[in-house]
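We did not get these values from a lab; they are worked out from the coordinates using the rules stated. If you're wondering where the values come from, they're calculated on a predicted model, not measured in any experiment. Cβ placement follows ideal geometry from the backbone for every residue including glycine, while neighbour counts extend to all protein chains displayed.
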Amino acid sequence: MDTQQQYSDDARPVLEAPDIARVLTRIAHEIVERAKGADDVVLLGIPTRGVFLAGRLAEKLEAITGTKIPVGSLDITMYRDDLRMKPTRAIGRTEIPGDGIDGRLVVLVDDVLFSGRTIRAALDALGDIGRPRAVQLAVLVDRGHRELPIRADYVGKNLPTSLRETVKVLLAEEDGRDTVLLGSKPASS
Amino acid sequence: MMRHLISAADLTRDDAVQILDTAEEMARVADRPIKKLPTLRGRTICNLFFEDSTRTRISFEAAEKRLSADVINFAAKGSSVSKGESLKDTAQTLEAMGVDAVVIRHSASGAPYRLATSGWIDAPVINAGDGTHQHPTQALLDAFTMRRRLVGRDAGLGQDLAGKRITLVGDVLHSRVARSNVDLLHTLGAEVTLVAPPTLVPVGVETWPCEISYDLDGVLPKSDAVMMLRVQRERMNAAFFPTEREYSRRYGLDGERMAKMPEHAIVMHPGPMVRGMEITAEVADSDRCTVVEQVANGVSVRMAVLYLLLGGNESAVSHTRTEENK
């Protein structure tokens with residue numbers, strides 16, 4: 001997890017609050033269209049910010065379909081492939097909706113899609129919890145530079161970046177405001 | 001950085017709360033169809049048990065297996081120790097086999113500390129009970145059980161046990177559980193009272209961060225949790241009380257005494273229980289008694305400790321306390 005301090009002062013917003021709201025509305029409509037009604041959809045957010053995004057998406061889906069959408073969180077810390085390369089990380093919350101995920105369409109929700117390693121870990125974690133009918137991926141920002149054969153089904157914004165740049169999603173629930181910042185890494189790293 | 005878990009007194013408040021919070025997440029794994037996490041895959045953990053144990057050994061083994069570690073069980077009985085092998089040689093054998101962590105129980109106080117600091121072995125050492133000294137994972141699982149019951153499962157996250165009144169009753173003298181609990185509960189902000197016959201109170205107890213009482217009936221109405229300790233006959237080499245009957249009448253917990261406790265208060269026991277001695281069957285089988293819950297929580301807490309000590313390339317538990325003391 002990157003902290004805000006690691007981002008330089010010249011970080012500029014690429015998505016503002018109204019853009020984020022619009023983008024989530026569009027993704028909600030796309031989910032309903034692709035799933036033909038979203039009857040068996042379960043939204044699972046990846047902590048921290050994916051959980052808030054999943055909550056917002058669920059609200060929008062409920063507004064569109066008029067049915068309750070199960071929403072939960074899936075922590076992938078214990079499934080990471082870089083656990084032994086860094087100090088031990090704190091574990092986030094995994095909360096699977098009561099009816100489980102067997103036979104459902106699980107939509108994973110995360111803020112930024114980068115290397116794809118988080119999603120690989122999430123797929124492993126899902127395998128230990130149940131057997132969904134299908135798994136799809138919704139992200140707010142796809143910044144490229146994949147290291148694994150993984151792609152998103154629903155993308156809020158495709159953001160071509162260089163590896164020297166950083167992408168930071170701020171959400172009201174955690175950071176007090178909604179915005180996506182594009183900055184450059186401090187020279188030291 | 002803390003590499004070993006030797007004593008509950010080494011843990012800071014933040015370390016302890018982090019372990020309890022992590023254990024809360026680990027507990028959720030037990031509700032899943034596949035009770036396994038890949039986190040310690042490829043790591044080898046040796047359970048080195050020089051002293052008999054049922055629940056601690058099984059609990060550690062379950063925790064290690066749920067985290068996908070490879071487990072080597074070593075019991076002193078039936079090993080080269082019974083042929084006279086020393087702790088040093090056993091440790092060096094394990095080191096040569098490439099063990100990544102050692103869980104040790106020993107009847108001699110200080111054996112885990114010796115193993116951790118001797119340089120015989122490079123792996124992290126987790127104390128699973130040494131003599132009459134410490135049993136830190138037991139204290140952590142007791143604190144976890146108290147936090148769940150007295151504060152709440154979700155409400156407890158990030159919280160300590162500030163202001164909770166905990167009473168430990170019985171054979172304090174021989175009890176590593178009591179020592180570990182007093183240390184950890186004090187760190188977590190609880191008020192601890194020890195109740196025991198004067199003969200079973202250790203020398204120097206006045207330096208411990210707790211109250212001493214000899215009157216169980218007076219303390220019970222002011223307790224949020226009462227922990228009954230087993231009378232450890234195997235460690236007793238003198239007559240500490242006249243008869244078992246007299247001990248039970250003055251320091252045993254029966255239904256009548258339990259009724260004097262506040263409505264919300266719980267009865268705990270680290271096990272194994274001696275029914276009819278320190279606790280009656282009526283109390284042991286009541287729903288206020290958390291013995292079975294403590295066993296289940298033990299697996300979650302040990303998973304948390306193993307993850308935090310071994311999960312990354314350096315431990316998540318700081319070691320500031322012992323550094324200061326040195």
Enumerate the helices in chain B for which the Kyte-Doolittle hydropathy averages 0.5 or more and the C-alpha atoms extend at least 24 Å along the helix's axis, using complete DSSP H runs. B:291-310
Cα extents of the range A:1-122 along the three principal axes, largest first, in whole Å? 43, 35, 20
What is the distance, in nm, between label points placed 7 Å from the Cα along the Cα-to-Cβ direction at B:Arg245 and at B:Ser80? 5.3
Give the residue list of trypsin sites (Lys or Arg not before Pro) in the range A:156-189 that are DSSP loop and have at most 16 other beta-carbon atoms within 10 angstrom. A:Arg164, A:Arg177
Using Cβ contacts closer than 10 Å as the measure, can you line up A:Asp75, A:Asp10, A:Asp82 from fewest to most? A:Asp10, A:Asp82, A:Asp75
Here the range B:208-223 yields Karplus 3J(HN,Hα) values (6.51, -1.76, 1.60; θ = phi - 60°; whole Hz; Gly and Pro given as x) of 6, x, 7, 8, 10, 9, 10, 10, 4, 5, x, 8, 3, x, 10, 10
To make sure I understand, if each residue's beta carbon is the centre and we count other beta carbons within 10 Å, what order do A:His29, B:His264 fall in, fewest to most? B:His264, A:His29
Which whole number gives the average count of other chain Cβ atoms within 10 Å of the Cβ atoms across peptide A:78-86? 5
How much length would be gained if the chain were fully extended between B:Asp31 and B:Thr117, taking 0.36 nm per residue of separation minus their Cα-Cα distance, in nm to one decimal? 27.1 nm
Sorted from fewest to most neighbouring beta carbons within 10 Å, what does the list A:Ile129, B:Ile6 look like? A:Ile129, B:Ile6
Run through the DSSP bridge list for the protein assembly as shown and note the antiparallel percent, rounded to the nearest 5. 20
Size of chain B as Cα extents on the principal axes (Å, biggest first): 55, 46, 41
Between A:Lys36 and A:Arg12, what length in nm is gained on full extension when 0.36 nm per residue of separation is reduced by their alpha carbon distance? 4.9 nm
Explain nothing, just the number: dipole magnitude of chain B about its Cα centre with +1 on each Lys and Arg Cβ and -1 on each Asp and Glu Cβ, in debye rounded to the nearest 20. 580
What distance in nm separates the two pseudo spin-label positions at A:Ala90 and B:Met97, each 7 Å out from Cα along the beta-carbon direction? 3.7
Under-5 Å amide H pairs with B:Lys164, H placed in peptide plane, nonlocal only: B:Glu191
